[in-house]
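Colleague: One structure, as structure tokens, below. Some questions next.
Please treat every number below as a calculation from the coordinates, not as lab data. It should be emphasised that the depicted structure is a prediction, and the values quoted were computed from it without experimental measurement. Virtual Cβ from ideal backbone geometry, glycine too; neighbours counted across all protein chains shown.
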Amino acid sequence: MYVAFMTLDRNTKMKHEASKALPPPPVVPPDVVPVKVPGSRCTLMARRGFGTRGLRIPLLTNHFNVKLSSTSDHFYQYNVALFYEDGNPVEAKGVGRRVLEMVYKLYKSEMGGKGFAYDGEKTLYTVGPLPGTTLEFPVLLENLSSNR
């Protein structure tokens, strides 16, 4: 039998459009005259035979396309901390996903019915905020092999 407490702390709010737009350039006072720097001494390295040798391989990457129905929503990032009943941190690998599955099943209403993305370790993301900035959920898992 395994009892863990999961704590979520809201870390940051990220606007998903932020990566699309760059910040505006700084304002240049009207009395400043730009100075042109003479040519750079840096050059690109020549790559003779680039793309002519080697083997083609299938490559699987770990990213995916995300589409949102509303462009006015914000992403929220939460820190996830897992602890045993005695207050010691959970260090066993793979436990976080099982704990989060149980949290979602048992505490969906306390989480405002929101779905989330979890990195398997210490970070959880939602579209829109969860109720409250710090949430704690006790979870009981059975038949868990760990080093405790």
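Colleague: Residue by residue, what Karplus-based ³J(HN,Hα) values in Hz, rounded to whole numbers, does the stretch 95-106 have, using 6.51, -1.76 and 1.60 with θ = phi - 60° and x for Gly and Pro?
Modeller: Calculated HN-Hα couplings, in order: 6, x, 5, 5, 5, 5, 4, 5, 4, 5, 5, 7 Hz.
Colleague: I've got another one for you. Please arrange Arg98, Arg47 by how many other C-beta atoms lie within 10 Å of their C-beta, fewest to most. Could you put the intermediate results ahead of the total?
Modeller: Details: Arg98 15, Arg47 7.
Fewest-to-most Cβ neighbours within 10 Å comes out as Arg47, Arg98.
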